[in-house]
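Trainee: Below you will find the structure I want to go over with you.
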C-alpha cells in the first residue's frame, strides 16, 4: 500500500515559503498551511499543481493543545496519491477559518457539517447553517468537551458493566426525559419559532435572477416522509411554474452522531457500527475502516484474506447497484417490477453474506489484519454457481428489460445533466463522477488491497445524465462479476488473519486516511489515534452525503417531476448521508 | 420502431410469469411449495420462474454462521445440575459495542475472593446489535449466537441468566461444524495439559 508521499517530489515548502510547513508530529503527514494564506494556497494547489478534486474536509478538536484543526484531502482526477493539508486555529467559540467554497464548491456541505458538529465558522461560506442538527440544538457535539445525554465515561468499555453489572435502564435514570438543553435565547415554547426561515431565505438567495416577466415563485417541500426520497430526506425547492429555480437538500433526520459514538468506542467496536452507515453495502464500509486502522497499526493482511475481502467488496457493489437500479426505476414509475427482479439476484448475494459473515446486511466481517472467519464448505460452490452461471445471465436479462425501454430513455436521456467540470468541482464521486466522463476509480487511481492484480475496466459514460448513471451501474456490475470470477479462480489457501485475534488492539499514535471505492463513491475513513484504546478522532467521508452537493445544481432548470429521478440516479442511503 | 423497447420489456415480464407455471408442470408429482427442495430450487442457478418464499408457512433454512442474540451455553451433569461454561471473566462485556451485557461476578462468601461463575448475567436484547463479537472473543466457548430470529415482543426484552441459558446439545444442534472444531481444540488442550501434568 502506498502512503501519501510528503511533498510528492515537488518541494512544496520552497514553492510556498512562509505559508507551508511540513506536519512533523509523529505519525502525521501532510502540510500545515498558515491560516491567513489558505485561499491563496488552495487556488495555487488547484490551478498550478493540478489537485482539482477536494475529496474530504473535516475538523479535529485538539482539546489538550487548545487547538482546532481543519483537515483537507485533495487529489488529482488523473490519479495518484493525494495531498493532505491542514489549517490550525486557536480553540475558541467559534473558531474562524476561511471557506474554500469559492475554489472548491464541493466543500459546501462538508464545511456546513464541520460548523454544525465542531463549531468551526467558515468565513465566506455562502450558506453556513446547521446541517445535521436542528437550530434548537445547544453546542457542537463533536467538540471534546461536549457530553451527550446519559453520559457515563469518555470511552468504552464502561466500568458499570463488569464486575458489578447491576443493570440500569436509561429510562429509569431519567424518567421524565428532561435532559434537553437549548441554546441561549432559544425557547421553542415561547415566542415565534420559525425553523425553516433560514432555509427559505437561503433558497431565495441562491436563485439566479433572469431577465423576463416577473412571476411568482413558490416553495415546495418534498419529504421527509416521502417514498421517493429513499428514506427520511427532505428537499426544499423553489419553483417558477413547474421549473426548479433553486433546490436545497435538508437532512439530519436519521442523524445519530456516528462519529461521536465512534470516538467513544474502541477501535474494534467501531467495525459493526460501520455496517450501519451505508447499510446496503456494509462490506465496503468494513473495508475502508479496516484499511485506515491497519495503516496506523502497520500490519499486513494474509493473501487469502485479501482475496476474500475483494470478493466480498465486489459482491457488495453488485448488490448495491442492483438495489440502486431497482430504486431508480421505481422513481421513474416502473412500479416494483424491475425492483423485484433486481432484488432476486441481490437476495442470492445476501444468502452468501449470511453463510460467510453470519448476517445478510450487517456483515461485520472484516477484522484488523484479516477477516473474521473463513468460507464455510459449500460457500465457494454457491459463489461459483452464482457468478459463472446465474448472475451474468440475469444481468443480461435486466439489460434487455430496461436499456431500450422508451420510457426509461425518455425520462433519462438529457435529464439532470452534470458536466465533467461540475462533477469535479462539486466533488462528486463514484458512478456519479464516472457517468460524467471522468474515469476516476480509486481501485485504479490509487490501488488498495490487491486490486492491482485484477483485470477490469473502469466503467465510464460520457453524457452525465440520468440514463448514463443508470447504464454505468450495469457496466460496473459486469466489471465486478469479472473481478469476482478472477478472485474465485485465484483464491489461495492459507490463514485468514495475521496474528492472533485480539479484542483490544494496540494502535500507535498518528493519523491515517483509508479510502476505498465504495459502491456509491469514494468512501474514506479518517482516523486519529493517540495511543489509547479509543480513537481520538474518527471521521467518515460519506459519498452519499457529499454527492448531494451536486444535487441542487443538477436540478436547476429541470421540471419538478424530475427531482425524484435525479435523486434516484445519485443513489443515496440515508444511514450514510445523516450518519 | 418506437415502442419496441417497451414490448421487449413486457416480453421479459411475461417470460417470468410463464416460467413459473412451466416449472410447476415440471415439478408435477413432487412438492414444489412448502418443501426444502422446492425452496432451494427456486433460488438456485436453475430457477427461472417464481423466486419468493411464503413466510411463515415456508422458511428459508438459516446457514450455520447465522447469528441472532447471544445465549449462554451450559452443560448438564449426570445429576441433572446445570453448569454454565461462563467464568464471568468479563471479556464479552468489554468487547460489546453497544455495551448491552451486564455481569455481576460472584465471590466466595468465606474468603471474599471472586469465583469463576456469574452471579447475574443480563443481556439487553433491545440494545444488542447482533454483531457476534462476544461469541467470537469468548475464550471459554460459553456465549454463542442463536439462530432463533422470531423474537418480536410487546415489552422490553431484557434477558437474565435463566432465559439466556441453553444446553450444549442445542448449540451442537445449530452449529455442528463449529462445535466439532471447538470440541477438538479443547480436547487437544486438555491432552497437552495432561501430558504436562504427568511430567
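Trainee: Please work out if residue B:149 is in contact with a helix residue (DSSP H, G or I) (Cβ under 9 Å, 6 or more places away or on another chain) and either at the interface with another protein chain (Cβ under 8 Å from one of its Cβ atoms) or in a loop (DSSP other than H, G, I, E, B) (or both).
Mentor: Against the criterion (in contact with a helix residue (DSSP H, G or I) (Cβ under 9 Å, 6 or more places away or on another chain) and either at the interface with another protein chain (Cβ under 8 Å from one of its Cβ atoms) or in a loop (DSSP other than H, G, I, E, B) (or both)), residue B:149 does not qualify.
Trainee: Please report, ordered by residue number, the helices (runs of 4 or more DSSP H) entirely within the stretch A:261-351 with at least 2 residues that are under 23 Å from residue A:490 (Cα atoms) and assigned by TED's automatic domain parsing to the domain that holds residue A:503.
Mentor: A:282-297, A:303-332
Trainee: Now for a separate question. Output yes when any residue across the stretch A:116-127 is in a strand (DSSP E or B) and either within 14 Å of chain B (Cβ to nearest Cβ) or at pLDDT below 90 (or both), and no when none is.
Mentor: Scanning the stretch A:116-127 turns up no residue that is in a strand (DSSP E or B) and either within 14 Å of chain B (Cβ to nearest Cβ) or at pLDDT below 90 (or both).
Rundown of residues vs (1) assigned to a helix (DSSP H, G or I); (2) over 13 Å from the mean Cα position of the chain (by Cα), yes/no style:
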site	(1), (2)
A:540	no, no
A:544	yes, no
A:547	yes, no
A:550	yes, yes
A:563	yes, yes
A:566	yes, yes
A:575	yes, no
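Trainee: So which residues in the stretch A:357-383 are touching a helix residue (DSSP H, G or I) at 6+ places or on another chain (Cβ under 6 Å) and at the interface with chain B (Cβ under 8 Å from one of its Cβ atoms)?
Mentor: A:362, A:364, A:376
Trainee: Which is farther than 18 Å from residue A:199 by Cβ, surrounded by 15 or more Cβ atoms within 10 Å (Cβ to Cβ) and either over 21 Å from the mean Cα position of the chain (by Cα) or in contact (Cβ under 8 Å) with a residue 24 or more places away in the chain (or both), of A:132, A:128, A:117? Talk me through it step by step, then tell me what you get.
Mentor: Values: A:132 fails: farther than 18 Å from residue A:199 by Cβ; A:128 fails: farther than 18 Å from residue A:199 by Cβ.
Just one listed residue meets the conditions, A:117.
Trainee: Could you tell me how many of the residues in the stretch B:101-119 are closer than 19 Å to residue B:141 by Cα and either more than 7 Å from chain A (Cβ to nearest Cβ) or in contact (Cβ under 8 Å) with a residue 60 or more places away in the chain (or both)?
Mentor: Of the residues in the stretch B:101-119, 5 are closer than 19 Å to residue B:141 by Cα and either more than 7 Å from chain A (Cβ to nearest Cβ) or in contact (Cβ under 8 Å) with a residue 60 or more places away in the chain (or both).
Trainee: Can you name the number of the only condition in (1) buried (at least 23 other Cβ atoms within 10 Å of the Cβ); (2) in contact with a strand residue (DSSP E or B) (Cβ under 9 Å, 6 or more places away or on another chain) that residue A:519 fails?
Mentor: Every condition holds for residue A:519 apart from (2).
Trainee: Could you pull out the residue among B:156, B:196 that is within 14 Å of chain A (Cβ to nearest Cβ) and either free of Cβ contacts under 8 Å to residues at least 40 places away in the same chain or part of a strand (DSSP E or B) (or both)?
Mentor: Going through B:156, B:196 in turn, just one is within 14 Å of chain A (Cβ to nearest Cβ) and either free of Cβ contacts under 8 Å to residues at least 40 places away in the same chain or part of a strand (DSSP E or B) (or both): B:156.
Trainee: Tell me whether the stretch A:149-158 contains one or more residues that are in contact with a strand residue (DSSP E or B) (Cβ under 8 Å, 6 or more places away or on another chain) and assigned to a loop (DSSP other than H, G, I, E, B).
Mentor: no
Residue-by-condition table, conditions (1) over 25 Å from residue B:59 (Cβ atoms); (2) surrounded by fewer than 20 Cβ atoms within 10 Å (Cβ to Cβ); (3) outside the structural domain of residue B:160 (by TED's automatic domain parsing):
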position	(1), (2), (3)
B:79	yes, yes, no
B:95	yes, no, no
B:112	yes, yes, no
B:117	yes, yes, no
B:122	yes, no, no
B:126	no, yes, no
B:129	no, yes, no
B:139	yes, yes, no
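Trainee: I would also like to ask the following. When the stretch A:92-115 is examined, which residues are found to be closer than 22 Å to residue A:181 by Cα and in a loop (DSSP other than H, G, I, E, B)?
Mentor: Residues satisfying the conditions are A:92, A:93, A:94.
Trainee: I'd like to verify a number: residues in the stretch B:89-100 that are within 7 Å of chain A (Cβ to nearest Cβ) and either at positive phi or in contact with a strand residue (DSSP E or B) (Cβ under 6 Å, 6 or more places away or on another chain) (or both), how many?
Mentor: Matching residues across the stretch B:89-100 total 3.
Trainee: Which of (1) part of a helix (DSSP H, G or I); (2) out of contact with any helix residue (DSSP H, G or I) (no Cβ under 6 Å at 6 or more places or on another chain); (3) touching a residue at least 12 places away in the same chain (Cβ under 8 Å) does residue A:354 not meet, given it meets every other one?
Mentor: (3)
The values are calculated or read from the model by the stated rules, or taken from the named source; none is laboratory data. As the structure is a computational prediction, the values presented were derived from the model and not from experiment. Cβ: placed from backbone, ideal geometry, glycine included. Neighbour counts: every protein chain shown.
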